[in-house]
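Before any comments, here is the structure.
No lab work stands behind these numbers, since they all come straight from the coordinates. Values in this document were obtained by computation on a predicted structure and should not be read as measured data. Every residue, glycine as well, gets a Cβ built from its backbone with ideal geometry; the counts of neighbours run over all protein chains shown.
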């Protein structure tokens, strides 16, 4: 199957890692369905890139934590354009605080956006993927916080660890359908979610002595989507520069 015929759904595509994933996959010739919530400044540059590469680009606006809105948007897109070859669950937020001072709302909002969105996004799209009787890829962007835990991120770590468990279970279910499910666990990546204070604190703990770039996470996504990764499933790939 030509890459142009492989549609990839990407959540959180308006900025940071998600935007880098969208740009990278369009550059490589994939057709993309880019999901976003509010920010629209990314749309024109992404449209120009898609036009230059001769690939299709759909733009889907909804809140990934809103189950009904997500299902409606995704079902309409699938009806119009067909099932996805790949799904990249990337959207996420942080609301960090020491656990004794963490509000119930900060706990709930992070779990809703980061963990519940797995169900909200994957559930409406997985049956059409199965019914297409073609290979498929589901890639979940977790975090090293979900692997090791992190001070001040009990909510975030819980959500990201939950994603790993969900992805591993789904990988077992979908293996016989030739649909792989894998996680990518980024470390500290250069996005607007990361302050200079965090960078200065974490850099000495990284073997490579630098923070990562969104494009380096996008490269891992590209690999998992490729034919070369067809025998890899139920795995977690840490893109963290060797955090210790």
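Sorted fewest first by neighbouring Cβ atoms within 10 angstrom, 51, 215, 227 come out as 227, 51, 215.
Please compute the Kirkwood hydrodynamic radius over segment 163-244, one decimal place, Å, based on all pairs of different Cα atoms. Intermediate values should be presented prior to the final figure.
On the way: mean 1/r = 0.0714 Å⁻¹.
The answer is 14.0 Å.
Over all pairs of different C-alpha atoms in segment 1-99, the reciprocal of the mean inverse distance, the Kirkwood hydrodynamic radius, equals 13.8 Å.
Here the relative contact order of segment 3-239, from alpha carbon pairs under 8 Å that lie six or more residues apart, stands at 20 percent. Pairs of Cα atoms nearer than 8 Å and 6+ residues apart set the relative contact order; for segment 100-244 it is 26 percent.
Between segment 174-213 and segment 109-162, how far is it from one alpha carbon centroid to the other, in angstrom? If we compute the Cα centre of each part, the gap is 15 Å.
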